[in-house]
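The values are calculated or read from the model by the stated rules, or taken from the named source; none is laboratory data. The shown structure was predicted, so the numbers you read here are calculated from the model rather than taken from an experiment. Glycine also receives a Cβ, built like all others from the backbone with ideal geometry; neighbour counts cover every protein chain displayed.
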Amino acid sequence: MTSKQVKPQFGAVRTAAGAVRPLSRVHITGGLLHHWQRRNSAATIPHTIEQLRAAGNVANLSRLLERDPAPYRGRYPFLDTDLYKTLEGLAYELGDADDDAVRGFYEEVVGLLEKVQAEDGYLNSFFQDPAAAKKPWEDLAWGHELYNLGHLIQAAVAANRRMGDDRLLRVAARFADLVVSRFGETGVCGHPEVEMALVELYRETGERGYLRQAAQFVDRRGTGALKHSIFPGDYFQDHLPFRELPSVTGHAVRMAYLAAGAADVFLESGDDSLFEALERLWDDMVATKLYITGGLGSRHSDEAIGDRYELPSERSYSETCAAIAVMQWAWRMFLATSGAKYLDVFERVLYNAYAVGLSADGKAFFYDNPLQRRPDHEQRSGAEAGGEPLRRSWFGCPCCPPNIVRWMAQLADYVAAQRDGALIVAHYTSAVIESAELDLAMESAYPWDGDVRLTVSRAPDGPYALVLRAPGWARDVTVAVNGEPCDAAAADGWITLERRWSAGDEVRLGLPMPVRAHGSHPYLDATRGAVSLARGPLVYCVEQQDSPATPVDDLLVGVPEIRHAEIRHAEIGHAEIGHAEIGHADIVSANIERRDEAVVLRVETAAAPPPSAELYPELPLEQTHPETGATGTSPVTFVPYFLWGNRGPEAMRVWVRTPTTGTNGRKAT
């Protein structure tokens, strides 16, 4: 069969310059990701629109049409970005199916942006107010004007690509042209983000000035182009030139956005020195600064990354926006190199550090994402006083909720990629994948189950490669084509099947998902003597609701008990967990009912004896490994980390104590 003419439909990243090219003609049809996208449409988007109206984000624009504008509503000068991120998500929604309420909000906001944009192209509802405390471009460190432009561009590109609506693109291009004119020689934003947006605007329009400006913004950091205030230069990634940074540092979201933008610049420029810095920073981050959930950022005071191995569980900041930024960086590194290791991190972040930011009902959010909650913890999420003790319906700085909306809407953009002669499956779910040469239907209950079935619906005349990712956590992977086992070992994280395909051919990929025990590096003091549980790409935790007899801080779990954990179904709601036991054979053969329910783990645990009343008791020197004195055993349920906090504010742990003190830091087996 010859190649068909595929209607262009580009996703969030459009480049032909990397080792692989993104493939955006993917439609997610089932499984957990499909459930998330349906929840986004039915609950999160309507809720976000309601909150944006209530908080005054829309009114901040419309008031600029008045002769005597009402006061700006909100504490921060960058609240327009919450509209832009939402519009980006809505462009995906409306590109797939029209909805009157969504369409109405979209048209209203786009119309306002067209009307209030200044003659020179400037657009910012805070600084355009004649009564604003500061003038445009007066405070580049904290004004976030270029950050605003970045999110406007991304919304505009999405609208043009997914809807064929170029109105926002014209607005964004006018603002971008003003920025290129004004910042061609000097200046840089305190909050990186505009860099990757300008590169994408270049990809959309072909105007090289946008690419050149993005490269200049990356290169100006650390050269004295930004006046620092409140925090020192490393907070802004501005104490050293980007290529000289020894490690990811400073504000976590800023750092990951900057790296993603630098990766975009590399993709289009081929600057090897830039890639060397990106690879060094990535590897150091993964080895020393990333939580087991994929969260980035260990400090609340400045939302910063912290030192190497500074990864306290209860103080993990791991902002939801940082999770999205890490995935953006990971995807661009994958496009540049075809490296599977970047997708392994992407996947870990997606199902853990990102997913935990949203409640099960889709209407409440975490800003920061700890890995432990102590029984007496009273701090509210976010910087504001009061509010709910867990996820909140909105924030005074609501950057995370609309960021979740846009990322959830575009998940299909990150399922597959292509290169000449090959279709690459990066992530597993139920989906329809179309390319110029090969079309597939993929079925899977991933991440609950590791059985993946791919059926060819259209194939080219000659040999063609189907390339499947073997996740870094997977062992004993199996592959069969039309029922015949293949001896197809993974190389660098990829399984390559090259042959002459025919419609109806079926590939079966088996990714066994035994329960794993993870220890931590000996330098990571916060989790020494503790173990975490994982299965497939999911990290698990224990909530106090599932350990009624023993405080979670006193639970002891050994590796042998983890090895024999029971794997169960559970319907997890706000009030209770109901279990339905399933056997190991069901997991292997993928006979799990493919419903929107979780796989939980039942693990035998022991209870530690009551601790000493002293905070720092003296230890008997003659005992190197004192006995724990554990009493009794009982089964306790561990739930996927991303689902914690949906049943009330009680204690939670990802890292659980092991039966003896001390740890050698080696990987558990």
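Can you go through D264, D238, D302 and tell me which one is at pLDDT below 95 and surrounded by 19 or more Cβ atoms within 10 Å (Cβ to Cβ)?
On the way: D264 fails: at pLDDT below 95; D302 fails: surrounded by 19 or more Cβ atoms within 10 Å (Cβ to Cβ).
On inspection, the qualifying residue turns out to be D238.
Mind telling me which of the residues G472, G493 ends up being touching a strand residue (DSSP E or B) at 6+ places or on another chain (Cβ under 9 Å) and under 27 Å from V599 (Cβ atoms)?
Step by step, each of G472, G493 is checked, and only G493 is touching a strand residue (DSSP E or B) at 6+ places or on another chain (Cβ under 9 Å) and under 27 Å from V599 (Cβ atoms).
Among the candidates E622, E650, single out the residue that is under 30 Å from F365 (Cα atoms), part of a loop (DSSP other than H, G, I, E, B), modelled with pLDDT of 50 or more and more than 24 Å from the chain's Cα centre (by Cα). Quick ask: steps written out before the conclusion?
On the way: E622 fails: under 30 Å from F365 (Cα atoms).
Selected residue: E650, the only one of E622, E650 that is under 30 Å from F365 (Cα atoms), part of a loop (DSSP other than H, G, I, E, B), modelled with pLDDT of 50 or more and more than 24 Å from the chain's Cα centre (by Cα).
Taking the conditions exactly as written (touching a strand residue (DSSP E or B) at 6+ places or on another chain (Cβ under 8 Å) and farther than 24 Å from D165 by Cβ), does H27 satisfy them or not? Even if it seems obvious, please write down each step before you answer.
Numbers: touching a strand residue (DSSP E or B) at 6+ places or on another chain (Cβ under 8 Å): yes; farther than 24 Å from D165 by Cβ: no.
When the stated conditions are applied, H27 does not pass them.
Take the range 101-146 and flag every residue that is small (G, A, S) and either at positive phi or within 30 Å of the chain's Cα centre (by Cα) (or both).
Initial filter on the range 101-146 (small (G, A, S)): 101, 104, 111, 118, 121, 125, 131-133, 141, 143.
A101, G104, G121, S125, A141, G143, listed by residue number.
Name the pairs whose Cβ atoms lie under 8 Å apart, with the first residue in the range 522-540 and assigned to a loop (DSSP other than H, G, I, E, B), the second surrounded by fewer than 20 Cβ atoms within 10 Å (Cβ to Cβ) and among the charged types (D, E, K, R), and 6 or more positions between them or separate chains?
Partner pairs satisfying both residue conditions: P522/R528; Y523/R308.
Quickly run through the range 228-247 and pick out the residues that are touching a Leu at 6+ places or on another chain (Cβ under 8 Å) and under 23 Å from H151 (Cα atoms).
The answer is F236, Q237, D238, F242.
Give me the pairs, please: first residue somewhere in the range 597-618 and not assigned by TED's automatic domain parsing to the domain that holds Y446, second residue anywhere and charged (D, E, K, R) and part of a loop (DSSP other than H, G, I, E, B), beta-carbon distance under 9 Å, and either six or more positions apart or on two chains.
Sorted first by the residue in the range 597-618, then by its partner, the pairs are V599/D449.
Please verify whether the range 474-488 includes one or more residues that are β-branched (V, I, T) and outside any strand (DSSP E or B).
Restricting attention to the range 474-488, the residues satisfying the condition of being β-branched (V, I, T) are 477-479, 481.
Going one step further and asking which of them are outside any strand (DSSP E or B), we end up with 477.
Yes, because at least one residue in the range 474-488 is β-branched (V, I, T) and outside any strand (DSSP E or B).
Residues to consider are E437, E443; find the one that is acidic (D, E), touching a Leu at 6+ places or on another chain (Cβ under 9 Å) and outside any strand (DSSP E or B). Walk me through how you get there before you give the answer.
Values: E443 fails: outside any strand (DSSP E or B).
Going through E437, E443 in turn, the sole match is E437.
Looking at the range 213-251, which of its residues are part of a helix (DSSP H, G or I) and free of Cβ contacts under 8 Å to residues at least 12 places away in the same chain? Give the steps one after another, and end with the answer.
Filtering the range 213-251 for residues part of a helix (DSSP H, G or I) gives 213-220, 233-236, 242-244.
Listed by number, the list holds a single entry, G233.
Counting residues that are β-branched (V, I, T), within 29 Å of Q216 (Cα to Cα) and modelled with pLDDT of 95 or more, which helices (runs of 4 or more DSSP H) fully inside the range 82-184 reach at least 2? I'd like the intermediate steps shown before the answer.
Details: elements: 100-116, 145-163, 167-182.
Passing ranges, in order: 145-163, 167-182.
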